[in-house]
Structure formats: C-alpha cells, structure tokens
Amino acid sequence: MPTSRTLVVVENESLLRDLIARSLEAVGFNVTTAANASDAKRACKAVDPDACIVDIELGSGPDGFDFAEYLARESPDIGVVFLTNLPDPRFAKKDAKAVKQSQAYLRKSQLVDSKELVDAVNAVLKEEGVSRFRHDQAEGRPLADLSKRQLVVLQLMSEGMSNSQIAETRGTTVRAVEGMISRIFQALDIDANGSGNARIAASKAYLSAVGAVATDQ
C-alpha cells in the first residue's frame, strides 16, 4: 500500500471533500484537505505532497486551473488529478491544453466508485497510463460539438441574460449574438420555431452538462 504517498485534496464542498479524503486514506495515502486555492497553497508548503486532487470550481477567487498553473511554476514535480463536474476545460473558458499530458481529468458524475480515482492518482504518480484517465477527451461528453465561444454564450443564456445583455457583456452586437444562438440551437438539435421554449431547452442542456441540474431519466 502507498503509505509513503501524501496527497492534498482541494474541494470546496465540505462533505465531498471529507468523502474523497477518507476513500484515499482507506487505501493508505496520507491526505491533507483544502477548501480553496489559498488553503491549498498553504497545505502544499506544509506537507510537500506527491500529488493534488483538484476540483476546478472552487467558489470565489482562483479556480482549479489557476492553482494547477501555480503548481506548474512553483512545484512542477507535484502531480495533478482534476476531479470536477465540468465535462472539459471549455466550460472554464480554457482550451484543451489547460490539462497537461501528465495530468488526469475525471468527471465526478462518471466515477463508478473510488477505485478509478485511486487508479488515476497512481497513474499520475507513476507517470504511466495517464491517458486512460482523461474524461475531458471522451467523444461522448456533453456539448462536445460546441466551441468555447458558443459555450460562453450558452452559459450567459443559462444565467437568464437577454440577447442585448449578452452582447454588452461580450462586446459584440445583438445581431452577432442572435447568429451565435441560432448556431447553438442547430448544434443541440433544438427547433427554435417549435412549440417549446428553445432558450430554456438550451439552458437546461448546459446546466445538466455542468451538474447543476439532474439529467432527465
């Protein structure tokens, strides 16, 4: 068992943070937890971990990618396993290169049990077979066909913004936003002229993708 290995779990939800920590301690890891990027930085300085399990959405302040970039600068030998609700980095306004080849990326909703997380941590520590733990590259992930810009507009739509508000936020014209939304509907196979509300359907698709609402059974 990996009794000499130390991990830092960075997760802002206290219950989930404790569950992750206990599952890792159960297989022999030494675990320290942190609720945000600032706490995580202090924890890393205190315990000098072998790897960090990092949520991307950490509330206000730096997110998980910001923390991972900090590690890359200050302690590049510390491994990183992203554990998140987000299907891929586009949902955090990042491109695919935000996740390095040496880093794992797991979606919380896709984990059957804790074994896959443990296996991902071991792969990162050994620097072997990490590509098997890259849920962000799965072809069937939600909204895979949308561009990063389209996802930004879809997110703003899901927040209840009107086309004019989206245009103002993005520094574009209302006409450009209308064109973007039309292409989003087309990509999601949503009939804008149908009897249902296309904006609600598109917003629900986004919220389901990021785990904010349950997917219809």
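FYI, it's all coordinate maths here, none of it is from the lab. Because the structure is predicted, anything quoted here is derived from the model rather than measured. As a convention, Cβ positions derive from the backbone with ideal geometry for all residues, glycine included, and neighbour counts pool all protein chains shown.
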What FRET efficiency comes out for the pair Lys97/Asp191, r = Cβ-Cβ distance, R0 = 35 Å, nearest 0.05? 0.50
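Within a 10 angstrom radius of the beta carbon, how do Thr172, Thr84, Thr32 rank from fewest other beta carbons to most? Mind dumping the intermediate values first?
Working: Thr172 15, Thr84 27, Thr32 19.
Sorted ascending by nearby Cβ count, the order is Thr172, Thr32, Thr84.
I'm a student and want to see the number: the projected area of the Cα convex hull of region 117-203, averaged over all directions, in nm². Display every interim value, and only then the final one.
On the way: hull surface 30.7 nm².
So the Cα hull casts an average projection of 7.7 nm².
Given a Förster distance of 25 angstrom, what is the FRET efficiency for Ser208 paired with Leu15, based on the Cβ-Cβ distance and rounded to 0.05? Could you put the intermediate results ahead of the total?
Details: r = 22 Å, r/R0 = 0.87.
With R0 = 25 Å, the Cβ-Cβ based efficiency is 0.70.
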Subtract the Cα-Cα distance of Lys115 and Ala72 from 0.36 nm times their separation in residues, and report this length gain in nm to one decimal. 12.8 nm
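Give me the dipole magnitude in Debye, nearest 20, for region 145-206 about the Cα centre, with unit charges on the beta carbon: positive for Lys and Arg, negative for Asp and Glu. Walk me through the numbers before you get to the answer.
On the way: 7 positive and 6 negative charges, 31 e Å.
For this selection, approximately 160 debye.
Mind checking the dipole of the chain: about its Cα centre, +1 per Lys or Arg Cβ, -1 per Asp or Glu Cβ, Debye to the nearest 20? Kindly include the intermediate steps, with their values, before the conclusion.
Numbers: 26 positive and 30 negative charges, 83 e Å.
The dipole of the chain has a size of about 400 debye.
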